[in-house]
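Here's the structure we're looking at; comments come further down.
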Amino acid sequence: QHLGDLCTSLSKCGSCVKGTPVSPSGSSGRPYPSGASGAPLSSSSGGYGPTNNLSGASGSSPTATGSKGGSQDASDQNPLSHPGALRVLYMVLFHPCLLDPDRSLEAHRLLRGFCGLSERAKEILATWLADLDIEALRNLLDAVQQYLSITFLESYHESGTLDDENELQEHVFDMFVARTSQLCKNALRVMDLIYRANAVRIERRRQYRREELTHGTAAMLDSDSKDGGGSSRYEVLKFEEFRNDALNETESVLYHDYHHTLYYDFYLAKENPLRLAGRMPQIPKTLAEIMEKSVENMYTFGLLEYNFCLDASAKCRLLMMNTRDQQREETRQEVMAQVMQGHRRVNPYLVIKVRRDNLIQDTLLKLGSLPPSAFRKTLKIVFEGEQGVDEGGVQKEFFQLLLEQLYDPNYAMFNYNADNKTYWFNLSSFENNLQYELFGALLGIAIYNNIILDIRFPIAVYQKLLAKDSNGYAKFTIDDLLDVSPDMGRSLLQLLEFDGNVQETFCRDFVASYEQFGGEIQVPLKENGENIPVTNENRAEFVELYVDWFFNKSVFDKFRSFKKGFMRCMQPDDVKDKSRVVCDASGQNFFLSLFRAAELELLICGSETLDFEALKKNTEYQDGFDKDSPQVSWFWEIVLEDFAEEEKRSLLVFCTGSSRAPPKGLGSPEAKLTIGRQGPDSEALPTAHTCFNHILIPAYADKDKLRRKLKIAVTNNQGFGLI
């Protein structure tokens with residue numbers, strides 16, 4: 001109880017534990033081993049000495065050194081930045097009440113102390129936590145996750161069924177938010193410290209891997225054994241361990257946090273204009289701006305600030321909320337322009353009219369002259385000479401056909417790697433950079449229209465797309481090269497691990513090379529590189545320069561155009577438009593920056609895992625069919641038992657326009673399939689409304705006829721008409 005009172009007073013009024021930081025001489029920034037000399041952990045010690053064994057901490061203790069904030073800055077007046085106060089908070093993390101659901105009230109009071117920590121204080125705590133044994137760190141994360149889930153779910157279910165259309169239930173939801181949001185946000189603040197600590201460990205692991213490649217594994221293991229740390233120091237938590245299912249699966253909370261975080265100033269202005277101190281309401285553009293307002297914003301759960309707790313699907317939903325907001329705004333602007341300028345003809349949609357035999361040129365001609373705001377409109381595709389009305393299905397086929405042509409070897413834009421079944425930029429390509437810009441723009445347009453694309457890029461492409469650098473520059477290692485070009489990666493690994501004379505055996509200079517129309521093009525990796533041999537001493541530098549050349553310099557122009565097209569959808573037209581687009585100074589969309597590379601790939605490409613049993617459970621029946629109808633039973637027997645993997649993918653394309661599942665799989669609401677009866681037995685083929693994932697099947701007389709007709713239909717699945 002006294003510890004809870006202390007945490008509360010620390011977070012409110014500024015009292016702190018007496019003492020001044022002591023930086024022990026000879027400290028390397030790592031915790032003292034058990035039994036090491038140093039001041040005991042007490043308020044009178046005034047030092048950062050070793051602690052008692054804190055719940056699996058293996059004798060580790062918070063130390064002053066090894067962090068950016070090792071000594072106190074006189075200008076930092078926040079009492080929670082004082083070392084004594086931070087040591088108290090460090091102890092709080094191992095309090096047993098976090099593990100006991102019956103002591104949640106105590107936990108609420110303790111976690112309140114983590115509100116209002118300065119960046120410096122967070123860095124110090126994260127550095128201390130990073131020195132914990134990996135299992136102790138995991139146990140701490142599990143304890144906070146358990147507290148967060150129980151706190152949220154208990155309050156949520158106590159509030160009863162929430163229905164936003166009912167005024168009374170809206171009031172109930174408001175009470176639920178007021179009662180629970182700050183408790184959850186405090187828990188997320190603690191998880192943020194663990195997340196930062198994990199980031200420290202990730203950086204250590206990267207450094208260890210770099211040193212391992214330079215000096216050899218045996219030397220590194222020997223160094224670690226002398227150091228007392230061992231390779232366990234470089235184990236890290238998986239990103240998936242930070243996700244919280246309770247928060248991710250509650251749509252109303254995601255929607256609430258999106259609006260009350262982005263439009264916080266507008267809510268304040270509506271409630272009391274004086275609180276804005278005369279400034280105009282603004283939408284935050286960056287995570288830093290959101291974090292700045294997080295402490296005073298008492299009506300959010302902190303999902304955007306601490307987005308590590310969200311899975312890819314939740315981030316997708318947040319991005320789609322922002323997408324719909326922007327599309328509505330673009331439509332409103334167009335309609336207003338037409339009202340104010342009656343002579344002006346406007347279209348609230350992005351309409352692209354193309355010919356099937358001239359797809360790329362027609363698309364380039366249309367997109368090349370459009371401002372960024374036009375890319376954010378709802379897309380409508382018209383194929384010349386066809387009657388199909390685009391409600392989603394026509395655009396799916398448009399993307400499929402266009403990507404097939406852009407990947408076509410005749411265009412030579414990309415090289416296919418059969419080892420990992422991915423494409424990489426063709427260094428020998430003479431295609432206009434506009435083609436690469438078009439490809440990037442297609443990815444952005446697909447995101448804004450919630451379309452899954454069948455593209456096959458390595459994860460490095462998504463890392464470069466998410467990089468802050470506008471040209472896509474990012475740091476890569478030989479491990480990334482193994483993913484993109486396994487043969488070259490293995491060759492360089494062999495060079496690094498070779499025990500003999502590298503110069504005599506490999507006979508290499510600081511030069512990279514690639515083939516172009518039968519000839520070899522050589523590129524120096526550094527000044528005068530063609531005259532510098534690769535030796536045992538400089539081979540690590542050679543590999544580092546080669547990896548940088550491969551991922552960044554060799555594809556600089558092509559990828560710059562590719563990323564320019566991708567980012568075009570998310571950039572403002574002008575200063576006026578900039579106020580409506582949530583992006584930072586570099587043009588990076590905030591909601592896109594929430595994604596990690598693997599999550600961005602899932603957003604764009606969907607999931608390759610196809611669970612047709614889940615799809616069967618996620619299917620509705622109409623027009624006289626039900627789950628017990630003979631034709632329905634035959635349909636699923638054919639699909640689940642007779643169809644090969646490729647035939648299943650073709651069926652999915654026929655029904656939905658994509659060969660992949662949405663990010664949450666075929667059991668998600670986005671993948672819901674509808675099977676309807678299309679009249680009595682006949683010779684007609686099954687048809688599909690790909691816009692609505694709706695397949696129509698005549699009531700065929702027997703299973704063999706259904707199998708034959710279905711195979712014909714899914715094999716010939718191009719073209720649209722009105723039925």
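Summary table below
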| item | result |
| --- | --- |
| Phi-based couplings in Hz for segment 476-482 (Karplus 6.51, -1.76, 1.60; Gly and Pro marked x) | 10, 10, 5, 5, 5, 5, 4 |
| At 0.890 mPa s and 25 °C, Stokes diffusion of segment 613-721 via Kirkwood alpha-carbon radius, µm² per second | 177 µm²/s |
| 22 Å Cα-Cα threshold exceeded, pairs from K617/K648; K396/K558; K285/K396; K616/K711 | K396/K558; K285/K396 |
| Per-peptide average of other Cβ atoms within 10 Å, ordering 233-243, 395-405 highest first | 395-405, 233-243 |
| Percent of C-alpha pairs per 5 Å bin, segment 231-283, short to long | 4, 16, 15, 12, 11, 10, 10, 9, 6, 4, 3, 0 |
| Candidate residues S313, S491: accessible-area rank, largest first, probe 1.4 Å | S491, S313 |
| Mean-position separation - Cα centroids, segment 418-492 and segment 594-652, in angstrom | 28 Å |
| log₁₀ of I(q)/I(0) at q = 0.12, 0.21, 0.29 Å⁻¹ - segment 304-369, Debye sum with one point per alpha carbon | -0.58, -0.91, -1.11 |
| Portion, in percent, of the accessible area of segment 378-521 that falls on carbon or sulfur, probe 1.4 Å | 45 percent |
| Cα-based reach from K553 at 17 Å (exclusive), listing lysines while leaving out same-chain residues under 8 positions away | K464, K468, K475, K526, K563, K564 |
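The values are calculated or read from the model by the stated rules, or taken from the named source; none is laboratory data. These numbers were taken from a predicted model, which means no experiment stands behind them. A quick note on method: Cβ atoms are made from the backbone with ideal geometry, for glycine too, and the neighbour counts reach across all protein chains shown. Accessible surface areas use protein heavy atoms only, side chains included; no ligands, DNA or RNA. Shrake-Rupley method; radii C 1.70, N 1.55, O 1.52, S 1.80 Å.
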